[in-house]
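K.L.:
Please see the structure below; I have some questions.
The values are calculated or read from the model by the stated rules, or taken from the named source; none is laboratory data. If you're wondering where the values come from, they're calculated on a predicted model, not measured in any experiment. Don't worry about glycine lacking a Cβ; one is built from the backbone with ideal geometry, like all the others, and counts go over all protein chains shown. Side chains included, ligands, DNA and RNA excluded: accessible areas come from the protein's heavy atoms. Shrake-Rupley method; radii C 1.70, N 1.55, O 1.52, S 1.80 Å.
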Amino acid sequence: MSEDKKPKNSADYGANNIQALEGLEAVRKRPGMYIGSTDTKGLHHLVWEVVDNSIDEHLAGHCSEITMHILEGNSIKVTDNGRGIPVGMHEKLQKSALEVVMTVLHAGGKFDKDTYKVSGGLHGVGVSCVNALSELLIAEVHRDGKIYTQSYSEGKPQTPVEEVGTSDHTGTTITFTPDKNIFETLEYKFEVLATRMRELSYLNKGLKLILIDERAKDDKGEFKKIEYKSEGGLKEFVLFMDEGKTKIIDSPIHVFGKEENVEVEVAMTYNDSYSESIRSFVNNINTREGGTHVSGFRRAVSREFDKYGKENGFFNKLKDIKISSDDFKEGLTAVVSVKVPEPQFKGQTKGELGNSEVTGIVSRAVGEALKTFLEENPKMAKRIVDKVILAATARNAARKAREMVQRKNVLAGGGLPGKLSDCSSKDPKECEIFLVEGDSAGGTAKQGRDRVFQAILPLRGKILNVEKAMEHKIYENEEIKSMFTALGVSIEEKDGERILNLDKLRYHKVVIMCDADVDGSHIVTLILTFLFRYMKPLVEQGFVYVAAPPLYQIRKGKQSVYCWNEEERQNAINTYSNGENDTTVKIQRYKGLGEMNAEQLWETTMDPDARTLRGVTIDDANEADRVFSMLMGDEVPPRRAFIEENAKYANVDV
């Protein structure tokens, strides 16, 4: 790390560098104000507040390794080899600096500009907020050749800061157990933690991150463990995001710049897909809603490619079609990372950057790099411009196709598909529509439904794979046209952006109901791909569900029970047979919805009081984009690797 990234007096990081601003009382009363929510997102946010402190030590040049353990009981332990939180007496508050950091909101070295030049936890709620929302937290500090500990409960110290031994290294270990009286769920998801640790490795070249899950052991009797360490940084990150897509330039474009103490790093590439994927970060914090740094990046991309295309006469062939900023997005994959000394975030959970000066800084840095790239790589530049021209042509064709679909709807006097069996209620909040695989199952569903609030739309076979199709082709597909018209939604252009208009949405529950076999799973994936690419607001607002029909019916005489998995099946058999070999116990395996009669379909899959619906949510839009591209795109090797890795979770009929 270069000298200008290190703090001027890092050796003086001590008790007096910790500045306290206020106390902790409000956190437990209104946790949502500090961590966003008390659901699974808020639960995982606790981890990132702790890890962010360790990352800040890395950014300051004092930490090279961070290890996270998921302990039995879903406690978390995070260890780093940084300098260790100071433990000396804080002059103003007359208590240990460790206790100040752990128990006082807005207290920490990040508020002292000489301690950290940049920091992720700039709202300052940090580890004290985690402490307030934990039923138990133990801090262990290795510093000045000694080991210090202090334990807390609900943010209150249970012991003084104690010296418990000697140490030959430095660092901090935070172990915490989330408070079950605060959080709706207490289970940590390995995949969510692993995804973020992988991100952090790309964002911090050379930093080793280790994740260990101690809740279960593998076949060798060892805990599940993943290590991440990136030497290529953002360029590696972009290639990982583009896995499963066909690239159209040889290697990612890399941008690095610094202006007014703001560091800008960007890696970008283009592929032959029809979607854009941008991940943005400020001081390693994932800004999911973007912000001024993303605006600056988009401005530079549109400006430089538009200028290059016009100066070289590439856009002349478009004639009446005008290039839009949307056209530069298709096939674009990028990571935008900035380091800002005093970032201003919109919202407590740091989802969007608000510093207005960052727009121009990023735009200038990216613009200069793109000028150089376009001058030095005319062949690759031509490929990108050709992609832009293709996007503009396709956008124009798609607009005409959309208008044709909507015009037909108007002329048809409402335009509802002929095969739609609508419900009598007109209140979208109580209405639900079932997208049903096949006419046979659709007929059964029509007989079994509650006609007041349940509509049925049968879909013939497998719909178009939109991941491989140009947009205008999508509007020519009969099944997709039926979904658009039945739902009452439309895609419109506003300020150059394509948006989904939900003003006339007719149902607030869109339920995908397919057979419980491999083909059914494929159809569910095809429909979800379409909804994610073209109706994402439906998913984001919680309107999309997947029905869960039972896999088995176990019968003995007049008694019967439905089972949704192998464990339930075995338990039902044992109950009916008293653990013995009873030939009167009959097992029916449902491979298709059509094997159930209307009454059975209602009581297992459609009755709101008895059914199981799986809500479809987007926890990480960029990761979802990568997975959809991998599963539904042209590249086979990444898909094969995914299948091999996840084969143990599959239910396959042989």
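K.L.:
Below 18 Å, Cα to Cα, which aspartates and glutamates can K217 reach? Residues fewer than 8 away in the same chain don't count.
P.N.:
By straight Cα distance, K217 reaches E72, E187, E191, E227, E645.
K.L.:
For K205, list the lysines whose Cα falls under 19 Å from its own Cα; do not include residues on the same chain fewer than 8 positions away.
P.N.:
K5, K6, K117, K229, K235, K258, K339
K.L.:
Check which residues have an amide H placed less than 5 Å from L207's amide H, if you skip close sequence neighbours.
P.N.:
Long-range HN contacts for L207: S230.
K.L.:
Using θ = phi - 60° and the Karplus curve 6.51 cos²θ - 1.76 cosθ + 1.60, what whole-Hz ³J(HN,Hα) does each residue of region 527-536 get, with Gly and Pro shown as x?
P.N.:
Ordered by residue, 3J(HN,Hα) equals 5, 5, 4, 4, 5, 5, 7, 10, 9, 4 Hz.
K.L.:
Taking every pair of distinct Cα atoms and averaging 1/r, then inverting, what Kirkwood hydrodynamic radius in Å comes out for region 555-654?
P.N.:
Across region 555-654, the inverse of the average 1/r is 17.4 Å.
K.L.:
Determine the equivalent ellipsoid of region 512-610 by diagonalising the alpha-carbon gyration tensor, then write out the semi-axes as square roots of 5 times the eigenvalues, largest first, rounded to whole Å.
P.N.:
33, 13, 12
K.L.:
What GluC sites (Glu not before Pro) does region 446-511 have in DSSP loop regions with at most 14 other beta carbons within 10 Å?
P.N.:
Sparse-neighbourhood loop GluC sites (Glu not before Pro): E476.
K.L.:
Among the listed pairs K322/K371; K387/K419; K224/K247; K41/K322; K245/K317; K189/K419, which have their C-alpha atoms separated by more than 31 angstrom in this model?
P.N.:
In this structure, K387/K419; K224/K247; K41/K322; K189/K419 exceed 31 Å between Cα atoms.
K.L.:
Still on this model: Cα centroids of region 546-581 and region 201-222: how far apart, whole angstrom?
P.N.:
38
K.L.:
Helix-only mean residue ellipticity at 222 nm, the chain, DSSP H runs n ≥ 4 weighted -39,500 (n - 2.57), per residue, nearest 500. What is it?
P.N.:
Mean residue ellipticity, 222 nm, calculated: -10500 deg cm²/dmol.
K.L.:
Sort V636, V262 from largest to smallest accessible area, using a 1.4 Å probe on the heavy atoms of the protein chains.
P.N.:
Listed by decreasing accessible area, they come as V636, V262.
K.L.:
May I ask you to list the aspartates and glutamates whose Cα is less than 16 Å away from that of K329, ignoring any residue fewer than eight positions away on the same chain?
P.N.:
By straight Cα distance, K329 reaches D242, D272, E276, E304, D306, D386, E467, E471, E493, D495, E497, D625.
K.L.:
Here's another thing I want to ask about it. Considering only protein heavy atoms and a 1.4 Å probe, what is the carbon-and-sulfur percentage of the accessible area of region 521-595?
P.N.:
The nonpolar share, carbon plus sulfur, comes to 46 percent.
K.L.:
Tell me, how many Å apart are the Cα centres for region 145-169 and for region 264-296?
P.N.:
Region 145-169 and region 264-296 have Cα centres separated by 41 Å.
K.L.:
Select from region 214-283 those GluC sites (Glu not before Pro) which occupy a DSSP coil region and have at most 16 other Cβ atoms within 10 Å, ordered by residue number.
P.N.:
Counting only loop positions with at most 16 other Cβ atoms within 10 Å, the GluC sites (Glu not before Pro) in region 214-283 are E222, E231, E260, E276.
K.L.:
Can you compute 3J(HN,Hα) from phi for each residue in region 332-343, using the Karplus curve 6.51 cos²θ - 1.76 cosθ + 1.60 with θ = phi - 60°, rounded to whole Hz and x for Gly and Pro?
P.N.:
In residue order, the calculated couplings are 7, 10, 8, 10, 10, 10, 10, 10, 10, x, 10, x Hz.
K.L.:
I need the semi-axes of the equivalent ellipsoid of region 140-204: take the C-alpha gyration tensor, multiply each eigenvalue by 5, square-root it, list largest first in whole angstrom.
P.N.:
So the three semi-axes of region 140-204 are 28, 22, 7 Å.
K.L.:
So for the chain: antiparallel DSSP bridges make up what percent, rounded to the nearest 5?
P.N.:
Percent antiparallel among DSSP bridges in the chain is about 75.
K.L.:
Quick query: amide H of K95 versus all other amide H atoms, modeled in the peptide plane; which residues come in under 5 Å with a sequence gap of 5 or more or a different chain?
P.N.:
H90
K.L.:
For the chain, what is the Kirkwood estimate of the hydrodynamic radius, computed as the reciprocal of the mean inverse distance between distinct Cα atoms, to one decimal in Å?
P.N.:
After inverting the mean inverse Cα-Cα distance, the result is 27.9 Å.
K.L.:
Whose amide H sits under 5 Å from the amide H of N355, counting only residues 5 or more places off or on another chain, with H placed in the peptide plane?
P.N.:
When sequence neighbours closer than 5 places are left aside, the close amide H contacts are T292, Q344.
K.L.:
Also, quick follow-up: Counting alpha carbon pairs within less than 8 Å and at least 6 residues apart, what relative contact order, in whole percent, applies to the chain?
P.N.:
The normalised contact order for the chain reaches 10 percent.
K.L.:
What's the lysine pair count for region 535-654 at a Cα cut-off below 27 Å, pairs eight or more apart or interchain?
P.N.:
5
K.L.:
Rounded to the nearest whole Å², what accessible area per residue is found for the chain with the 1.4 Å probe?
P.N.:
Per residue, the chain has an accessible area of 46 Å².
K.L.:
Another question, if that's okay. Convert each backbone phi in region 478-491 into a coupling constant with the Karplus relation 6.51 cos²θ - 1.76 cosθ + 1.60 (shift: θ = phi - 60°), then list the ³J(HN,Hα) values in order as whole Hz, x for Gly and Pro.
P.N.:
Karplus values, whole Hz, x for Gly and Pro: 4, 5, 6, 4, 4, 5, 4, 6, 5, 6, x, 9, 8, 9.
K.L.:
May I pose another question? I need the trypsin sites (Lys or Arg not before Pro) found in region 513-570, filtered to DSSP loop residues with at most 11 other beta carbons within 10 Å of theirs.
P.N.:
Those that pass, being in a loop and sparsely packed, are K558.
K.L.:
So what does V436 come to for accessible area, using a 1.4 Å probe and Å² rounded to 10?
P.N.:
Result for V436: roughly 0 Å² accessible.
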